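Report on one structure; see the data block that follows.
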Amino acid sequence: MPKKEAITDFDKEDMYLICKKTLSKKYTPRDEWVIEELEQKEDEFVPDFMISRRVPSPLYWKKSEVVYVAIFVEDLEKRHIDVYNDYIENHRNEDVTLKGKIIITPSGADTSSVKDSDFELVRLNVFRIEKPRSTKTKSSLADE
């Protein structure tokens, strides 16, 4: 069977359905996980999804576990990691346990800034970032 070509003309919202399907394999409704799409704000970073579930606690009310998920359709830089961590820090709550931080990218995105972080990285190979090819040849590189 021939291999399918990756989609190269897309925006972030085009990735949502496949992201939800991918996430639901690990965070199943059977285990009481709920995947919620978060409302995006124009002037501040908000993760794209919050995955959560209620867990029993010794107190009267139940505590929650949460996993945040952000989709980036560009090369990742330290600033992306910083703004994501700032969001999580600003939304901490004693009744909520952070169980994970996920970054989802299309294939072709540079993710080297995530390498030494505590983020789980998921690449969706269905989507690909096309990068312009260098016009330099081997001989022109040797001249530099």
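The values are calculated or read from the model by the stated rules, or taken from the named source; none is laboratory data. Just so we're clear, the structure is a prediction, and the values are computed from it rather than from any experiment. Positions of Cβ are backbone-derived with ideal geometry, glycine not excepted, and every protein chain shown enters the neighbour counts.
For segment 90-102, state whether one or more residues are under 20 Å from I18 (Cα atoms), modelled with pLDDT of 95 or more, touching a helix residue (DSSP H, G or I) at 6+ places or on another chain (Cβ under 9 Å) and not polar (S, T, N, Q).
yes
Go through segment 40-59 residue by residue and tally those that are under 12 Å from D95 (Cα atoms) and of a type in the set (A, V, I, L, M, F, W, C).
So the count comes out to 2.
Considering segment 115-129 alone, what residues qualify as being surrounded by 12 or more Cβ atoms within 10 Å (Cβ to Cβ) and more than 23 Å from I35 (Cα to Cα)?
S117, R128, I129
Give me the pairs, please: first residue somewhere in segment 90-111 and loosely packed, with under 13 Cβ neighbours inside 10 Å and of a type in the set (S, T, N, Q), second residue anywhere and modelled with pLDDT of 90 or more and outside any strand (DSSP E or B), beta-carbon distance under 8 Å, and either six or more positions apart or on two chains.
none
So P47 fits all but one of (1) over 17 Å from L121 (Cβ atoms); (2) touching a helix residue (DSSP H, G or I) at 6+ places or on another chain (Cβ under 8 Å); (3) of a type outside the set (A, V, I, L, M); what number is the exception?
Result: P47 passes all but (1).
For segment 53-89, give me each residue that is in contact with a helix residue (DSSP H, G or I) (Cβ under 9 Å, 6 or more places away or on another chain), within 20 Å of E32 (Cα to Cα) and either in contact (Cβ under 8 Å) with a residue 60 or more places away in the chain or not hydrophobic (A, V, I, L, M, F, W, C) (or both).
Within segment 53-89, R53, Y68 meet the criteria.
Within segment 64-84, restricting attention to residues that are of a type in the set (V, I, T) and farther than 19 Å from E94 by Cα, which residue is surrounded by the fewest Cβ atoms within 10 Å (Cβ to Cβ)?
Residue satisfying both the conditions and the ranking: V83.
I need a count of the residues in segment 1-44 that are free of Cβ contacts under 8 Å to residues at least 40 places away in the same chain, assigned to a loop (DSSP other than H, G, I, E, B), among the hydrophobic types (A, V, I, L, M, F, W, C) and surrounded by 11 or more Cβ atoms within 10 Å (Cβ to Cβ).
Count: 2.
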